[in-house]
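Below: the structure, in structure tokens.
The values are calculated or read from the model by the stated rules, or taken from the named source; none is laboratory data. A quick note: this is a predicted structure, and the numbers were derived from the prediction, not measured. Neighbour counts are summed over all protein chains in view; Cβ atoms, including those assigned to glycine, are modelled from backbone coordinates with ideal geometry. Accessible surface is based on the protein model in full, side chains and every heavy atom, while ligands, DNA and RNA are left aside. Shrake-Rupley method; radii C 1.70, N 1.55, O 1.52, S 1.80 Å.
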Amino acid sequence: MAIIDITKSKTPNIADRDTNIKIGIDLPIRKGDNLDGYFATTDTTSDAIKNNIRNLLMTNYGERLMQPTFGINLRKYVFMQISAELILQIQDEILDTLDLWLPFVRVKNILVNTHQTNSNIDPNTMKIAVVFAIGDTNFRPQTVDINVTAGIRG
């Protein structure tokens, strides 16, 4: 997972300026070109953090070897009756999970869309958008979109 280097507080994410420095493995995992090494990599800290958020939110408890509490069980909500209280519960669970595993990510907003809020969405799918910033840096907010479906990762 990407970790913000706080030792260079005046120039955070200085690695983003050097195209020869790779930050993390890009998702989905695939073979990279000769410059990346064997796997494709991300060039910027924000891209690496987007992959980390996506990976964290799409992982159920117990799926990560040696870290049984890594992840969040979002798929359990797919067949539940959606209400304002349930959306708040999902948002709170996402906030708690991100605060535990990626404490340098500052969540600005979490949007949860389902078939009941948008008729263009499949009834067995939730679309979640997490708007975030990186710590107290000047980076503009970024968005990570994920689709949570019944038993199938999207």
Evaluate the relative contact order of segment 27-154 (contact order divided by residue number), counting alpha-carbon pairs under 8 angstrom at least 6 apart; express in whole percent.
19
Any idea how far the Cα center of segment 42-65 sits from the one of segment 75-121, in Å?
16
Using DSSP to call loops (not H, G, I, E or B), can you name the GluC sites (Glu not before Pro) in segment 49-145 whose Cβ has at most 13 other Cβ atoms within 10 angstrom?
Glu63
Would you pull out the residues with amide H under 5 Å of Gly24's amide H, same chain only if 5 or more places away, H placed 1.01 Å from N?
Thr42
Roughly how many percent of the accessible protein surface of segment 43-100 is carbon and sulfur, given a 1.4 Å probe and a whole-percent answer?
54
Scalar couplings 3J(HN,Hα) for segment 45-60 by Karplus 6.51 cos²θ - 1.76 cosθ + 1.60 (θ = phi - 60°), nearest whole Hz, x for Gly and Pro, are 5, 5, 5, 5, 5, 4, 5, 5, 5, 4, 4, 5, 6, 9, 9, 8
